[in-house]
1. Please compute the length gained on full extension between GLN17 and LEU75, using 0.36 nm multiplied by the number of residues separating them and subtracting their Cα-Cα distance.
2. Evaluate Rg over Rh across the stretch 29-92, taking Cα atoms for both radii and Kirkwood's formula for Rh.
3. With +1 assigned to the C-beta of every Lys and Arg and -1 to the C-beta of every Asp and Glu, and no other charges, what is the dipole magnitude of the stretch 186-306 about the Cα centre in debye, to the nearest 20?
4. Based on the Cβ-Cβ distance from THR130 to GLU291, what FRET efficiency comes out when R0 is 41 Å, to the nearest 0.05?
5. Could you work out how much longer the chain between GLU122 and ASP10 gets when fully extended? Use 0.36 nm per residue separation minus the Cα distance between them, nm to one decimal.
6. Starting from the Cα of GLU196, step 7 Å along the direction of its Cβ; do the same at ASP25; then give the gap between the two resulting points in nm.
7. Test of understanding: in a Gaussian network model of the chain with alpha carbons linked when under 10 Å, which of LEU121, LEU41, LEU143 would top the mean-square fluctuation ranking?
8. Which of rounded, prolate, oblate describes the stretch 5-210, given a ≥ b ≥ c as roots of the alpha-carbon gyration tensor eigenvalues and a/c under 1.5 marking rounded, otherwise prolate only if a/b is larger than b/c?
Amino acid sequence: MTFTPKAAYDRIADNVQTVLRGHPDTVRMAVAALFAEGHLLIEDVPGVGKTTLARCIAASIGGRWSRIQFTPDLLPGDITGVMVYHQHAERFQFHPGGIFANVVLADEINRGTPKTQSALLEVMAERRVTVDSVSQDVPRPFLVVATQNPIEMEGTYRLPEAQLDRFLMRLSVGYPDHDAEVLVVMGDCAGVTADEVQPVLQIDDLQRVIARVRQSHLAPEIVSYAVRLAAASRRHPAVRYGASPRGSIALIRAAQALAATHGRDFVTPDDVKEVARPVLCHRLVLTPDAELNQRQAGDVVDELLADTAVPTVAFGR
């Protein structure tokens, strides 16, 4: 069976929301990251469903998925794999680590040491790992879904900007409203958990969806709009380091995927606006004065959207 991106989104979103109630916008963004084959960082307080969201997305895809629980004693080889000498064969053989899966859940990633975190840099950027000078490709499509708790500082290691930049989006789940929380509690009591989620899309179907999303029509004015937003972040007085060209690319890729979840094969300025916060906020490093005045990256992105001229041409085909 061949799925359109919209049909694939509906199947995955409905599947995820049987467990994760009350967060349709977050689920849409998470699935958009999947369709863009971009990595996703979910950052929020404990107990709001970060790991549940990641597990439900992974379980909804009929490919391989793995979970890596980051702890201070986790080693880089546990992630990438190691070369092991086999005496009978008289040679070294590669034993893959947890990163060799289509969807990798990196749980509490900020509890890993910087050395272990850095083991993800190459594979997140290039979809391959190098062990003892030998490169190994990971399965495609490939997506890292990482979680972290921003309020727990003891025993954690802040992700460096170079690694944050590898994530297409950073999302927060947030607290559900009263009615949604009631459904969550009732579902948990009835045994409706992420363990019950079954695949609704095969890996070949997902690959075709990703290919179709990348073929979405992009007007030059849309690309210019995304580039101007990223460039404006570098000149903002509250920003020490703004979004790089990788941020411009991420804006477009995320906007293409978001448009596909709405059933469109073309991108509008509203798509770029909708993904601006999750794509840009974690890429901005504020000045010390801005941090002292409790400025937030989200506020800066809102100002960039308000100050950057929006294209006014027709975008449909």
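1. Values: separation 58, 0.36 × 58 = 20.88 nm, distance 3.43 nm.
That works out to 17.5 nm of additional length.
2. Details: Rg = 16.8 Å, Rh = 15.0 Å.
Dividing the radius of gyration by the Kirkwood radius yields 1.12.
3. Approximately 700 debye in magnitude.
4. On the way: r = 37 Å, r/R0 = 0.89.
Taking R0 as 41 Å, the efficiency between THR130 and GLU291 is 0.65.
5. On the way: separation 112, 0.36 × 112 = 40.32 nm, distance 3.23 nm.
Between GLU122 and ASP10, full extension yields 37.1 nm more.
6. 2.8
7. LEU121
8. Details: a/c = 1.96, a/b = 1.49, b/c = 1.32.
It is prolate, given that a/c is not under 1.5 and a/b is the larger ratio.
Every number in this text was worked out from the coordinates using simple rules, so none of it is lab data. What you are looking at is a predicted structure, and each value in this text was computed from that prediction instead of being measured. Every residue, glycine among them, receives a Cβ derived from its backbone with ideal geometry; neighbour counts consider all protein chains shown.
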